[in-house]
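Accompanying notes for the structure given below.
The values are calculated or read from the model by the stated rules, or taken from the named source; none is laboratory data. These figures come from a predicted structure and were not determined experimentally. With ideal geometry, Cβ positions are generated from the backbone for all residues, glycine too; neighbour counts draw on all protein chains shown.
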Amino acid sequence: MSVRKAVIPAAGLGTRFLPVTKAMPKEMLPIIDRPAIQYVVEEAVASGIDDIIIITGRGKRAIEDYFDDAPELEMRLRKDGKEGLLSTVRDVSSLADIHFIRQKEPKGLGDAVLRAEKHIGDEPFAVLLGDDIIRNAAPCTKQLINCFEKKESGGVIAVQEVPPEKVSSYGIIDGEEAGEGVLRIRDIVEKPAPEDAPSRMGAVGRYVFTPEIFSCLHEVRPGVGGEIQLTDAIRMLLAKTDIYALMFAGKRYDTGDRLGYIKTIIDYALDDEELRNAMLDVLRTRAFR
């Protein structure tokens, strides 16, 4: 079956951005004039996905409002003759068929994905983390789907080599070559100490699974941080089927990290024709202070 559905977990507390995330979801922090999560939704749509489930939590209502229609705003823009802005606003609410499911308490990424089980049913599906942006002409999720269809496996996850000091922040895989840019996963460990890590290849927020992952999520016990870890469910699934890791093409931005968020804004500003020259002037000025 083709992959037509996606789950976007966006229920985290965003503690690295407090106090602003006390009132605003971290996924709604703007990258120039769009929230981070819009780039994630657009990647899913560009990958051929038309049914999206966003997992939210308490204090995340702004995400639902953002992707909803805005009749009063649209009426005002039309009245003021701002047709360009009106089109932009309408485009947001018509990106895809978007549903929202509440994770009532923060039990971890694995539990957030499990909330979508009934909606997913018996279809394969993608998972895109709401604060990871990956830029490439061929969307990262589409690359995973293509690999998934070729390998006919239980799943494919996106990986990249991470710095030694960051190993303990990722699910780290042990894999063997299975084709150009593809590894067959032998094991995966959640947030290991650098000296215990099987490699430096870390999972980076894009996955494709068969529904088999749900039975593993039901069985797995709380792991690191007392949470239901998606990594632990993947490890359990490995005993039943092959899972592959794809060294994807593209540049990844971690907008859930303060420095990563700033780098994302700078790069997007430099790629914006209206902002590029002014941004270069700002950077040159700062460089000589």
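Take Thr264 and decide whether it is within 25 Å of Ser2 (Cβ to Cβ) and of a type in the set (Ser, Thr, Tyr). So Thr264 fails the test. When you look at Ala249, is it of a type in the set (A, V, I, L, M) and either closer than 13 Å to Gly155 by Cα or in a strand (DSSP E or B) (or both), yes or no? So Ala249 fails the test. Would you confirm, using the coordinates I've provided, whether Arg16 is among the charged types (D, E, K, R), part of a helix (DSSP H, G or I) and more than 19 Å from Ile133 (Cα to Cα)? Taking the combined requirement at face value, the residue does not satisfy it. Among the residues making up the stretch 104-144, those that are β-branched (Val, Ile, Thr) and buried (at least 22 other Cβ atoms within 10 Å of the Cβ) are Val113, Val127, Ile133, Ile134, Thr141.
The requirement of being under 30 Å from Lys151 (Cα atoms) and either surrounded by 21 or more Cβ atoms within 10 Å (Cβ to Cβ) or of a type in the set (Lys, Arg) (or both) is not satisfied by Ala36. Within the stretch 198-223, residues that are assigned by TED's automatic domain parsing to the domain that holds Leu144 sit with their Cβ atoms under 9 Å from residues that are among the aromatic types (Phe, Trp, Tyr) and in a helix (DSSP H, G or I), at 6+ positions apart or across chains, in these pairs: Val208/Phe148; Phe209/Phe148; Thr210/Phe148.
Between residues in the stretch 54-75 that are polar (S, T, N, Q) and residues that are crowded, with 19+ Cβ neighbours inside 10 Å, which pairs lie under 6 Å by C-beta distance while being six or more apart or on different chains? As it stands, the answer is Thr56/Ala10; Thr56/Ala11; Thr56/Ile63, since those pairs meet every condition given.
Restricting Lys240, Lys251 to residues that are at negative phi, more than 19 Å from the chain's Cα centre (by Cα) and of a type outside the set (A, V, I, L, M) narrows the list to Lys240. Restricting attention to the stretch 78-90, which residues are surrounded by 10 or more Cβ atoms within 10 Å (Cβ to Cβ) and either over 27 Å from the mean Cα position of the chain (by Cα) or free of Cβ contacts under 8 Å to residues at least 12 places away in the same chain (or both)? Arg78, Asp80, Lys82, Glu83, Leu85, Leu86, Ser87, Thr88 - these are the residues of the stretch 78-90 that are surrounded by 10 or more Cβ atoms within 10 Å (Cβ to Cβ) and either over 27 Å from the mean Cα position of the chain (by Cα) or free of Cβ contacts under 8 Å to residues at least 12 places away in the same chain (or both). Taking the stretch 129-138, which residues are farther than 27 Å from Pro25 by Cβ and in a strand (DSSP E or B)? Across the stretch 129-138, there are no qualifying residues.
Going through the stretch 19-42 one residue at a time, which ones are over 12 Å from Phe67 (Cβ atoms), in a helix (DSSP H, G or I) and not aromatic (Phe, Trp, Tyr)? Passing the criteria: Val20, Thr21, Lys22, Lys26, Ala36.
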